[in-house]
Structure formats: structure tokens, C-alpha cells
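Undergrad: Quick one: structure below, then a few questions.
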Amino acid sequence: MHLPFLPFKAMETAAVLWTAALVAVGVLYWFLCLMGSAEVKGKRAVELKMGSITRDMVQDNYAQYWSFFRRPKETVDSSEKVPAFVDTFYNLVTDIYEWGWGQSFHFSPSLPGCSHRDATRLHEERVVDLIGARPGLCILDVGCGVGGPMRAIAARSGSRVVGITINEYQVGRARAHNRKAQLDGKCEVVCGNFLQMPFEDSSFDGAYSIEATCHAPRLEDVYGEIYRVLKPGGLYVSYEWVTTGLYRAEDPDHVETIQGIERGDALPGLRAQEQIEGVARKVGFEVVEERDLALPPSGPWWSRLKMGRLAYWRNHILVSIMTVLRIAPKGVVEVHEMLYETARHLTRGGETGIFTPMHMILCRKPIDANHKANSSY
Ligand SMILES: C=C(CC[C@@H](C)[C@H]1CC[C@H]2C3=CC[C@H]4[C@H](C)[C@@H](O)CC[C@]4(C)[C@H]3CC[C@]12C)C(C)C
Ligand SMILES: C[S@@+](CC[C@H](N)C(=O)[O-])C[C@H]1O[C@@H](n2cnc3c(N)ncnc32)[C@H](O)[C@@H]1O
């Protein structure tokens, strides 16, 4: 009487097992391939590469980077090697940034009721108004990353934008994004060092840098180059990473936070807010306006970092699984851990108010600059 019931039970169990297996495969696929892709889709977890570094060299490159930027600030500061290590840094982090943050590698004030994506775009479009970018002008993006800001600024203003980055891998990514966004007619990307730019004197109508000049060992070198390539009367705006007036060098917590930011972001040494204006004037600029865009009424720029904590854990599990499966090269877990630590220090810097990534300075190259320069020789 019970005989027909047994096979039915076995079939039911098998069906349950098969369904569970299928669901598990589906969840794994979703976890590995779909989830955690950048806000503007383009990078997925399974596509993480380490820039132009070959798989077997990732761990070595990370070790070299870490031992260089862990050194006392005074020895990093003056080193001629900084641009090469910054290049290594971006080989290591570019894909992780795109995957976990998007195509714009900077912060923005959080705005109530506004998505991160919109807040980012508005922070970028502010540049258009500040430097008066418009159709027919050619604008320089100093330290352009993979071109998120460049595309927003070209689309909004109608200007042609030329970006420069030291990292060859970013050049390839930026050009691919430009083509995909059908902005390759307006946006151009060049690989080079912003301390010695491959551009003619007085060749740009305007210029901007978003969270990039902090990588220069001496700010006067990059500001001097920007001054050189700008046309007289041209405007330049920069969003600078600086310590604020609340920073106390005698407070060990402050020092630990700032050093943590420097180590994890390839910075030769953060400058103080009040130094920026003097450097701009020293190279010849007139300073039109200077303001910390992080101050109220702006919402906290670090809230996006805090909200992302759960996602960082998921990402940590993902990169660990992918390293075990040999999909990602060895060393990615360490790089990811370094970024996690950096996010902690950046958040602390924001919460204590000792650090801002958006000290805005707007400068003009004097209209009679070339005349002045010629007559002084
Ligand atoms: C201007 C610079 C970069 C600023 C930011 C774009 C990046 C600073 C710290 C980065 C991140 C920290 C944590 C990562 C997280 C652990 C990972 O799972 C996903 C990516 C992060 C969120 C990553 C994204 C970019 C940053 C916010 C510097 C270099 C001058
Ligand atoms: C944090 S990213 C910001 C990128 C971009 N401005 C954005 O907001 O998305 C800093 C950029 O500066 C570039 N950079 C740093 N040092 C450089 C140098 N010496 N010459 C050229 N580019 C440099 C990096 O390659 C990177 O593209």
C-alpha cells in the first residue's frame, strides 16, 4: 500500500535538491557578475584587472607602492619618483574604483533627495559655470582619470575637453567610455605627466582639476604648468585635497588620520588650506575666489563612504572568492583592504572636519600675462 509513495517522495526530494542547486548557481552568478557593478555600469567584479600590470606582478607592485608611501612624509615629498608610484597606484585601483564608485573618481557634497550620481554630476557641472566653458572653447582637464567629469563638462558646456593622466590604462578606459557615450568628437585623452605637459604655451581657453593636483609633490610645479598652457585671461578652477584650520599637528589622532589618507591615496603630503592661494599667486595667477565647498549648507561628502560599508564587506568576499578561483590576480585582496582602511581614515577626516577634498580655488591668468612675461626678460 505504501510502495507507490516512496518513489514519489524520492522524486520530490530530487526536485527540491535540483531547484536549490539552480537557485544557488543563480545567486552566485548574480553575486559575482551583476551585483556590485559600478553605478554607471561598465565594470563587473569578474572583470577586475590591475591596469597595465601583468597578473604575476600585482603583488610585487603593491608591495613596492606600500613601502614607498609608508615612508616618512619628508622623504616621499621631495622624491622624483612620486609620479611613477602614482602611476602604479592607479594601475592597482582604477578597476576597483570604477566597480565600486563609478567613472568619476572624486567626492561631492551630498544633497538631500539627490542620488550620488546626480550630486556627482552637479559638482562637475559647477566647473562649467565657474570657468565659463561654452561651445567653441578648448578646456584642459588636469588629471582626468577615466573621464567621468570630462564627459559631464563637455556635454553640459559644448566645449572641447582635453584630459591628461599619467596612467596609460586610464587613457584606454577613458577613450572607450568617450566612444560609448558618443562624446569622442568632443573629448580627447592624452597620456602624460602634468608636471611637464606636452602642450604649447597659451593653448587652452580654460582649465580645471578635480581632486588630482594633490598627487604633485610641489603644487607650484603643476600650477606653473597650467599657467603656462592657459591663454591670457583664461580661468582655472581646482578642487583641492587639504587639511583645514582644525588640524592640529600635535594631536596624534589627527596625525594618524592624515597619514592614513596620504598612504592609501598615493599622496606625497597633504597641504594646508591656507597655502593654496599663495602658490597660485606665486606662479602668476590672480585669485578670483576661494571656498571650501564642503562647508554648510553642503551635506557631508563622506556620508557616501559610510553608507557603503555593507557593500565593502560584500566586495571583500567577492575579491577573496575570485582570488581563490584565480579569476582575479593575487594581491587584489590586499589592495582592496588598503582601500577599506583609506575609507575609514577619509570618513574620520570628514567627521572631525580636519580634512576637505573640495577646497575650491578659481584663478585667472592675467590678460596682459604674455606681455608682462616678455617685458620682464
Ligand atoms: C581623489 C582620490 C580618490 C577619491 C575616491 C574616488 C576614492 C578614495 C577611497 C576610495 C574607495 C574606498 C573604499 C573602496 C571599497 C572598499 C571598495 O569595496 C569599493 C571601492 C571603494 C568605495 C573606493 C572607491 C573610490 C574611493 C572612494 C585620491 C586618490 C586622490
Ligand atoms: C583621483 S583621480 C581624479 C580623476 C578625475 N579628475 C576625476 O575626478 O574623476 C586623480 C587623477 O590624477 C592623475 N594624476 C596624478 N598624478 C599625475 C601626474 N603627475 N600627471 C598626470 N596625471 C596625474 C591620475 O592619473 C588620476 O587620473
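The values are calculated or read from the model by the stated rules, or taken from the named source; none is laboratory data. None of the values given here were measured: they were computed from a predicted structure. With ideal geometry, Cβ positions are generated from the backbone for all residues, glycine too; neighbour counts draw on all protein chains shown. Calculation scope for accessible area: heavy atoms of the full protein, side chains included, ligands and nucleic acids excluded. Shrake-Rupley method; radii C 1.70, N 1.55, O 1.52, S 1.80 Å.
Undergrad: Compute for region 320-363: radius of gyration divided by Kirkwood radius, i.e. Rg/Rh, restricted to C-alpha atoms, rounded to two decimals. Before the final figure, lay out the partial values.
TA: Values: Rg = 16.4 Å, Rh = 12.9 Å.
On the Cα set of region 320-363, Rg over Rh gives 1.27.
Undergrad: With +1 on each Lys and Arg Cβ and -1 on each Asp and Glu Cβ, and nothing else charged, work out how big the dipole of the chain is about its Cα centre, in Debye to the nearest 20.
TA: It works out to roughly 1120 debye.
Undergrad: Moving on to the next point. Based on the alpha carbons, how large is the Rg to Rh ratio for region 51-170 when Rh follows Kirkwood?
TA: Numbers: Rg = 17.0 Å, Rh = 16.3 Å.
Radius of gyration relative to Kirkwood radius: 1.04.
Undergrad: On a full-extension model of 0.36 nm per residue, what is the gain between Arg55 and Glu274, subtracting their alpha-carbon distance, rounded to one decimal in nm?
TA: On the way: separation 219, 0.36 × 219 = 78.84 nm, distance 4.28 nm.
Extra length available between Arg55 and Glu274 comes to 74.6 nm.
Undergrad: I'd like to check one number: the per residue accessible area of region 84-180, probe 1.4 Å, reported in Å² as a whole number. Spell out each step's value before the answer.
TA: On the way: 3330 Å² over 97 residues.
Per-residue accessible area for region 84-180 comes out at 34 Å².
Undergrad: How large are Rg and Dmax for the chain when only the alpha carbon atoms are used, in Å?
TA: Taking only Cα atoms of the chain, I get Rg and Dmax of 23.7, 112 Å.
Undergrad: When a/c is below 1.5 the answer is rounded, else prolate if a/b is larger than b/c, else oblate, so apply that to region 252-366 with a ≥ b ≥ c taken from the square roots of the Cα gyration tensor eigenvalues.
TA: prolate
Undergrad: Compute the Cα gyration tensor for region 104-218, then decide on rounded, prolate or oblate, letting a ≥ b ≥ c be the square roots of its eigenvalues: rounded whenever a/c is under 1.5, prolate when a/b is larger than b/c in the other cases, and oblate in all that remain. Write out the running numbers ahead of the final one.
TA: Values: a/c = 1.40, a/b = 1.29, b/c = 1.08.
Cα axes put region 104-218 in the rounded bin.
Undergrad: Follow-up. In whole angstrom, and with the biggest value first, how far do the Cα coordinates of region 169-309 range along each principal axis?
TA: Rounded to whole Å, the extents work out to 48, 39, 30 Å.
Undergrad: What accessible area per residue, rounded to a whole number of Å², is obtained for region 281-377 using a probe radius of 1.4 Å? Walk me through the numbers on the way to the answer.
TA: Working: 5030 Å² over 97 residues.
I get 52 Å² per residue for this part.
Undergrad: Specify the angular offset, from 0 to 90 degrees and rounded to the nearest 10, of the alpha carbon long axis of helix 58-69 from the longest principal axis of the alpha carbons in the chain.
TA: The answer is roughly 40 degrees.
Undergrad: Once both axes come from the Cα atoms, what is the angle between helix 332-352 and the longest principal axis of the chain, in degrees from 0 to 90, rounded to 10?
TA: That helix lies at roughly 60 degrees to the long axis.
Undergrad: OK, next. Please check: in the Gaussian network model of the chain (C-alpha springs, under 10 Å), which one of Asp95, Asp184, Asp60 has the largest mean-square fluctuation.
TA: Of Asp95, Asp184, Asp60, the Gaussian network model singles out Asp60 as fluctuating most.
Undergrad: Using alpha-carbon positions, what is the distance between the centroids of region 131-184 and region 267-344, in Å?
TA: Between the Cα centres of region 131-184 and region 267-344 lies a distance of 21 Å.
Undergrad: Sticking with this structure for a sec: When a/c reaches 1.5 or more, the comparison of a/b and b/c decides; with that in mind, is region 256-297 rounded, prolate or oblate per its Cα gyration tensor? Kindly include the intermediate steps, with their values, before the conclusion.
TA: Details: a/c = 3.30, a/b = 1.48, b/c = 2.23.
It comes out oblate by the Cα gyration axes.
Undergrad: Let me ask something else. What are the trypsin sites (Lys or Arg not before Pro) within region 270-344 that DSSP puts in a loop, where the Cβ has at most 11 other Cβ atoms within 10 Å? Spell out each step's value before the answer.
TA: Numbers: sites: Arg271, Arg281, Lys282, Arg291, Arg304, Lys306, Arg309, Arg314, Arg326, Lys330, Arg344; in loops: Arg326, Lys330.
For trypsin sites (Lys or Arg not before Pro) across region 270-344 that sit outside H, G, I, E and B with at most 11 neighbouring Cβ atoms in 10 Å, the list reads Arg326.
Undergrad: Identify which of Val93, Val279, Val288 has the largest mean-square fluctuation in a Gaussian network model of the chain, with springs joining Cα atoms closer than 10 Å.
TA: Result for the chain, Cα springs under 10 Å: Val288 fluctuates most.
Undergrad: Mind checking the angle between helix 252-264 and the chain's longest principal axis? C-alpha axes, 0 to 90 degrees, to the nearest 10.
TA: 80
Undergrad: For region 174-220, what is the Kirkwood hydrodynamic radius in Å, using each pair of distinct C-alpha atoms? Write down the numbers at each step before the final one.
TA: Values: mean 1/r = 0.0771 Å⁻¹.
Result for region 174-220 stands at 13.0 Å.
Undergrad: For region 137-241, what is the relative contact order in percent, using Cα pairs closer than 8 Å and at least 6 residues apart in sequence?
TA: After rounding, I find 30 percent.
Undergrad: On to the next question. In the chain, carbon and sulfur make up what percent of the accessible area (probe 1.4 Å)? Present the calculation step by step, with values, prior to reporting the outcome.
TA: Values: 10420 of 17980 Å².
Roughly 58 percent, rounded to a whole number.
Undergrad: Say we join alpha carbon atoms closer than 10 Å with springs in a Gaussian network model of the chain; which of Thr352, Thr19, Thr88 then has the biggest fluctuation?
TA: Looking only at Thr352, Thr19, Thr88, the largest GNM fluctuation is found for Thr19.
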